[in-house]
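Since the structure comes first, as structure tokens, the remarks are kept for the end.
The values are calculated or read from the model by the stated rules, or taken from the named source; none is laboratory data. Keep in mind that this is a model prediction, so the values were computed, not measured. Because the Cβ atoms are built from the backbone with ideal geometry, glycine has one as well, and the counts that use them run over all protein chains shown.
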């Protein structure tokens, strides 16, 4: 059966588009929330709307008005989506915050966004209230989920469960150019980067993505990424809802329950970060290797046949007949795994495609909504991050002799700018083009290949953006003259996104080598960082760092001086 892509051109805002979908699909299942072997809830579109309007009325009763800002800090669950729709219904601006950050990291982001309402899980709320500086942080209203019944919350905090009013709230429409979300693209310790994304950004992105990867009533999307993640917000909320699909939230990532969810709910799509995709590959390869020799020989032949017959495009029915046990392990209905946000090795992408499970590998960044390019699978290209989505332009800036340059993009999906930061906005948006900071090359068929980064950052295989400047704050006060943190590949350019690492450049007060006490302190502070933010190496530099008139380090100039004098393998030492 042919399914058409949604036409979102008639809608001005997300509240309007989502609201019509809720009214149109009232009896269909919108959300299933599962935790291990039990279901916490199952909501039809009508149930979802009723719950969301209850929260919307509570917000308006608390004085929440058009263009006010509401932050959500919650793990993956139905209440996240209910709260988000309630905010949009009230004409508010949503601030989705990563619940995995620490409370001390949450606080400055909430302050920077100037939120009027905070919707938060009780354990995260409790951690926030215990952070130094919380008393100075003023949030007029907090709605706290699953708080103990006998606990006395502060006067400004309400229990989610006590929001039971059945009065109809007032729908507040917004225009396409109005801000829908403020999304923080960086970490925490340094300069907050709040991307201002409009209703048009999201509506255009949804229409473009759904044109290539269709959702329809009957599709079941397994949501295991945090919903604040750009991918899951789009293909685990907006896309499925406007198309009438079902979202299955799984509140555990234990492998046995993940596998059960595929079979139990007959999952059609799932989004994962590259780290999870690599773990799935490793598990499958281990199972294949453990097969008896004769069975392994037959499996290899069948995989080879599937590869040849699906060379030009996927053929799900054929792949399921050739490799039934593999597909049954994924529920028997999986059409694609969606990934992005970090580099995926081509061999991993090819491995899954050869099994008849395409990976919709894409490239994007928060500043561009969700995705800029996606592999359209016609044909599948494991060595690229795909072609530009409909309505997206890309070009390369300052290309070298081999055609590699900085990727720039222009579309109706590109952000309006950074919150309260015109200087950074002007650096990033140039004549309508978003300068991504990534190095790429466009081949003869229009596919984009990525080779490295212009900017001083790394992206982990868990999809986390790490800005070295944010890491530096952990080392404040160390007994050196000055120090600076770099992405290693930013200093010594290498055309790869594999094995990205962080290093520290130390300019000592005296002596050519750091004392044992200094190294011990560096190592101790480094251990306090989350694994994905830790430094891998250090080097010693014997000159003053170049600085601007305002005494900011000229990182680009320092990197050029280092690379002109030093070889990576000689000066870098493990930390």
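When the range 377-406 is filtered for residues that are touching a helix residue (DSSP H, G or I) at 6+ places or on another chain (Cβ under 7 Å) and surrounded by fewer than 19 Cβ atoms within 10 Å (Cβ to Cβ), the ones remaining, listed by number, are 382, 383, 390, 391. Filtered by the rule that a residue be in a loop (DSSP other than H, G, I, E, B) and either within 22 Å of residue 518 (Cα to Cα) or not assigned by TED's automatic domain parsing to the domain that holds residue 500 (or both), the range 533-575 gives 534, 535, 536, 541, 542, 543, 544, 545, 572, 575.
Quick one: which of 430, 485, 471 is touching a residue at least 60 places away in the same chain (Cβ under 8 Å) and closer than 30 Å to residue 551 by Cβ? Before you say what the answer is, go through the steps one by one.
Values: 430 fails: touching a residue at least 60 places away in the same chain (Cβ under 8 Å); 485 fails: touching a residue at least 60 places away in the same chain (Cβ under 8 Å).
Answer to the selection: 471.
Annotation for the range 206-221: no member residue is within 15 Å of the chain's Cα centre (by Cα) and either closer than 23 Å to residue 314 by Cβ or modelled with pLDDT of 95 or more (or both).
Across the range 335-351, the qualifying residues are those that are touching a helix residue (DSSP H, G or I) at 6+ places or on another chain (Cβ under 7 Å) and modelled with pLDDT of 95 or more, and the one among them that is nearest to residue 465 (Cα to Cα) is 337. Filtering 285, 295 for residues that are in the same structural domain as residue 388 (by TED's automatic domain parsing) and touching a helix residue (DSSP H, G or I) at 6+ places or on another chain (Cβ under 9 Å) leaves a single hit, 285.
Of the residues making up the range 117-137, those that are crowded, with 18+ Cβ neighbours inside 10 Å and out of contact with any helix residue (DSSP H, G or I) (no Cβ under 8 Å at 6 or more places or on another chain) are 121, 125.
If the condition is being without any contact (Cβ under 8 Å) to a residue 40 or more places away in the chain and surrounded by 17 or more Cβ atoms within 10 Å (Cβ to Cβ), then the range 504-533 contributes 506, 508, 514.
I'd like to know if the range 222-237 contains one or more residues that are under 17 Å from residue 326 (Cα atoms), assigned to a helix (DSSP H, G or I) and at pLDDT below 95.
At the first step, the residues of the range 222-237 found to be under 17 Å from residue 326 (Cα atoms) are none.
No: zero hits.
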